[in-house]
Amino acid sequence: MKSSLLITFIIGFLAVNSPAVAQTHNAARRNAAPPNIIYILADDLGYGDVGFTGQTKIKTPNIDAIAREGVTMTQHYAGAPVCGPSRSCLLTGKNTGHTRVRGNPGWTSSGKPVVLQPEDVTVAEELHRAGYRTGVFGKWGMDESGTTGQANAQGFDEFFGYKGHGEAHHYYPKHLWHNREKVEYPNNVPEETKGTYSHDEMARNALDFIRTSVAEKKPFFAYMAFTLPHYELTVPEDSKKQYENLGWEKRPMKKAHYYNDDEGNVAYAGMVSRLDGDVGRINALLKELGIDDNTLVIFTSDNGPEYDNGFFNSNGPFRGKKRDVYEGGIHEPFAAKWPGKIPAGTKSNHLSAFWDFLPTACEVAGIKPTATDLDGISYLNALMGKKQKEHDYLYWEFNEGPNGPKQAIRQGDWKLVKFFEKPAELYNIAKDMGEETNLAAQNPQKVGELEALMKTARTDDPNYELVKLKEK
């Protein structure tokens, strides 16, 4: 009996491990379609502006569906408290102490804008190595000179949207950009907020990019850097209807640099809902094309909120907002889904930040990052509920406005906040997420440790010296 079982086992083992079977298995692995990656980035959306983090006034059913069908990361951070450096961190895998662009245009020691250079390896360039088709739709924000910082020069096959920051302030622009060419909108009247709404054009091009990629049988990376709900506060009337006549408090808006609609609260809610509607169209298209279970979808925001004065509780439980290195300026809503890979309805309290996306995307694509000096760590295991390597620390710096430069560092539950030429502030985020109680006086040793670590967390850059800059 034992001998017959042994013979059966040997025959089975040889069959499974024969060269022919091994070649078949290897071929199947090679022919398996690489996962698609969609990264949806809202602009100035606060931690508390979506349903899955507690928003009750603004309806976000499609964004919430990503959280319901996947995972929410409760301790996810932006790269910076404003969009330019935050996006640079996202693209390069480095924190604001190391990435190329550490501030918005003009907020440099020289007063001249800094753009990405050829030696900067972006996540799009990495995914190109793995055979991905790459596209960015919305606010690029890395190109103020039309040269090395241009999206197509940084690994993207397709670009549609705003190339720089200033032009992204208006939703009815006279032109947008398709790759290196202007797309004119002669019927748009920016100051009267009439014509073609720019967000709709970006969303349409993003969906077309997905369809084309699938038709060409290419894995794709779609970076959807939508501008909603960034100032100016304006949105087509159909997005406002569900919020009108609800008895909300009025917030009259004026037209100045931003050509805002008359009523701010309804406009803001409508802008978030319009963004949510296009997230729904993305989700529906993935199912229609039969690629939902082979696509990682991530949703988050680039920095804290700017518009809200408390009516929407946009910063949730946190102190501060856009331009702050307190939690309200950098702690972001985050949800991701990947059916069959990410368990539905789960949560992760893993500490993560924008600079983790590049190594995460590389791991999803089955490659290793080119650079060996990244600050990022792949959070793929955390998404899937597996054991995850932790950061030693997370670091931010920001130098804009009268209170700059500002720095912050988080290590475990401790967070140190440092304002220029002022005593450091120390908070225990696990016990005090609102950063209400400064514990520096009671913990001088921890303050000293984190201040020393903060000095090692950045490299000197003549464009971004930690000195007081002139007010713009």
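No lab work stands behind these numbers, since they all come straight from the coordinates. Computed from a predicted structure; not experimentally measured. Note: ideal-geometry Cβ built from the backbone for every residue, glycine included; neighbour counts use all protein chains shown.
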Please work out, to two decimal places, the log10 of the ratio I(q)/I(0) at q = 0.10, 0.13, 0.16, 0.18 Å⁻¹ from a Debye calculation in which every Cα of region 59-185 carries one identical scatterer. -0.36, -0.61, -0.90, -1.07
Distance histogram in 5 Å bins (all Cα pairs of region 394-472, percent per bin): 3, 15, 25, 25, 17, 10, 5, 1
Alpha-carbon Debye profile of region 130-273, log10 I(q)/I(0) at 0.11, 0.15 Å⁻¹: -0.46, -0.78
Loop-only GluC sites (Glu not before Pro) in region 101-199, please: DSSP not H, G, I, E or B, and at most 13 other Cβ atoms within 10 Å. GLU119
Once you list every other residue whose beta carbon is under 15 Å from the beta carbon of ASP261, what net charge do they have if Lys and Arg are +1 and Asp and Glu are -1? 0
Degrees, to the nearest 10: 2-16 long Cα axis against longest axis of the chain: 50 degrees
At q = 0.08, 0.11, 0.13 Å⁻¹, base-10 log of I(q)/I(0) for the chain (Debye sum, equal scatterers on each alpha carbon): -0.48, -0.88, -1.23
Could you sort out which of LYS94/LYS368; LYS112/LYS468; LYS112/LYS255; LYS347/LYS406 sit more than 21 Å apart by Cα distance in this structure? LYS112/LYS255; LYS347/LYS406
Find the all-direction average of the projected area of the Cα convex hull for region 189-325, expressing the result in square nanometres with one decimal place. 10.4 nm²
Projected-area average for region 258-369 over all orientations - Cα convex hull basis, square nanometres: 9.7 nm²
If you take all C-alpha pairs in region 314-472, what percent of them are over 24 Å apart? 43 percent
By DSSP, what percent of the beta bridges with both residues in the chain are antiparallel, rounded to the nearest 5? 55 percent
Between the helical axis of 444-456 and the dominant principal axis of the chain, each derived from Cα atoms, what acute angle in degrees is found, rounded to the nearest 10? 80 degrees
Cα convex hull of region 137-222: how many Å³ per residue? 88 Å³
